Amino acid sequence: MILKISLGGDLIHYLCSVGLFSALKKFGLVLGKDYEVNCCGFSCIPAILFLDREEKSYVLLSNMWNEAKHLFKTASKSSLSGFVRDLGTIFKVKKRLPREENTSEIMKFVTKWLPNLRIDESSPIKVYAYNLYNQSEELLFGDLYDIIAKVLVYPPDFPPVAGYISLAWVFGIPLGDVAVHVSLKDDLVPKKGLDYIFLSYLARYRKVLHMRLSSFKFTFEIASENSLDFSRIAAQFFKVAQDIICCVLD
């Protein structure tokens, strides 16, 4: 039976989940034979790169890191206070940019760093997004560039692409057997109206996430540190792989 490992994708930290895949390989697990990956948002990028360019995936992602931090500002925070502090600025800046210009930034990033593959039903990487028209999560197939553009959409940084946004923004993580998710340091002391609006959203989001995580057989949480060091976060994912081997497969 193939193990279904699900990852969140709302934070840039998930680009470092290549550490998880590399560790699973080290422990003898083969992607597609022993496990498959249910991904959303940022976690889809390392999953695809590991599938297509296994030996080069870590280097590619570490090289991508700084550009991703600059492009996806809201998702590049190590604490809730940092997240909220940037929301007001982003809202003001994005109002001045045409919708097409916002979307083109994602496409430039995708075509620069990812191979142009086709994802079909046989792929061990299951890519999920949220369909705003149907108001439901959806498993995506087809051209990789189109798919990744849809799953990376992260309000308020970017508007929906073809009616899709990141599933991570809605449910937090796709369903599966094993959940791996990253949590931000909760250091927010509300002072302004935007702080209270965000806390209200966060309370609802956490309730939905808790309901979803309760359906998993095993759940592993990575607590975000006050660091955006790629190798350090990748090491945290490596440690999760060790825990999966010990707790799930032992």
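Every read-out reported here was derived from the displayed coordinates using simple, explicitly stated rules and does not represent laboratory data. None of these values were measured; they are calculated from a predicted model. Cβ: placed from backbone, ideal geometry, glycine included. Neighbour counts: every protein chain shown.
Okay, here's what the table says:
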item: For residue 35, distant residues with modelled amide H under 5 Å away; result: 3, 30
item: Pairwise label distance in nanometres, residue 33 with residue 213, each label 7 Å out on the Cα-Cβ vector; result: 3.3 nm
item: Extension gain, residue 204 back to residue 132 (0.36 nm per residue minus Cα-Cα distance, nm); result: 24.1 nm
item: Set of segment 229-250 residues, backbone N closer than 14 Å to the point 7 Å along the Cα-Cβ line of residue 1; result: 248-250
item: 42, 141, 216 arranged by Cβ crowding within 10 Å, fewest neighbours leading; result: 141, 216, 42
item: Fewest-first sequence of 13, 210 by Cβ atoms within 10 Å of each Cβ; result: 210, 13
item: FRET efficiency estimate (nearest 0.05) - Cβ-Cβ, residue 55 to residue 249, R0 30 angstrom; result: 0.80
